[in-house]
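The values are calculated or read from the model by the stated rules, or taken from the named source; none is laboratory data. The shown structure was predicted, so the numbers you read here are calculated from the model rather than taken from an experiment. Neighbour counts are summed over all protein chains in view; Cβ atoms, including those assigned to glycine, are modelled from backbone coordinates with ideal geometry.
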């Protein structure tokens, strides 16, 4: 597969979406009271309900743990909750907008995020952990670096300024051998 192929882009997009959707948790019921005018910022004392519909994350994760993980993934992927989580038009928040239904599986990006999460876990468990002194696990940010669709890295020519003693007619990885010219 070429690094710039549409199927790689689709796969990477799927990974990102799966990672965001892996941890889903229940939405607070519609009876939730809006914060008081002089209340501390919502994120400081916000209650995160017990997660439901966790399919790839550990079932014993708390709402706070899932929330923290989702925010790390948001930053790593340069996205927001609504990328994977569907709005519930029957559950309106104090701002007049529909709240997200974290347990809903209707968005394909959520299953993609789950798949990508499993891929990252597999890479760390079965590959990175077997490299002596590797020390640093793979994360969403390893490839995405803050972008939902990660850019293909092409090293600048200045980083490759030395001679090689190998056959320059050898095919690139996964490619056909170039035809010889006479």
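Key figures for this structure:
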read-out: Among (1) in contact (Cβ under 8 Å) with a residue 40 or more places away in the chain; (2) more than 13 Å from the chain's Cα centre (by Cα); (3) within 20 Å of residue 55 (Cα to Cα); (4) surrounded by fewer than 18 Cβ atoms within 10 Å (Cβ to Cβ) - the single one residue 101 does not satisfy; value: (4)
read-out: Index of the failed condition, residue 137 passing every other in (1) without any contact (Cβ under 8 Å) to a residue 24 or more places away in the chain; (2) farther than 30 Å from residue 46 by Cβ; (3) in a loop (DSSP other than H, G, I, E, B); value: (2)
read-out: Exclusive hit being modelled with pLDDT of 95 or more, in contact with a strand residue (DSSP E or B) (Cβ under 6 Å, 6 or more places away or on another chain) and under 24 Å from residue 140 (Cα atoms), set 91, 101; value: 101
read-out: Residue 68, sole failed condition from (1) in contact (Cβ under 8 Å) with a residue 60 or more places away in the chain; (2) within 18 Å of the chain's Cα centre (by Cα); value: (1)
read-out: Answer from 155, 137, 108, 150 - the residue that is more than 30 Å from residue 49 (Cβ to Cβ), surrounded by 10 or more Cβ atoms within 10 Å (Cβ to Cβ), modelled with pLDDT of 85 or more and under 25 Å from the mean Cα position of the chain (by Cα); value: 150
read-out: Residue that is outside any loop (DSSP other than H, G, I, E, B) and buried (at least 18 other Cβ atoms within 10 Å of the Cβ), where the choices are 71, 67; value: 67
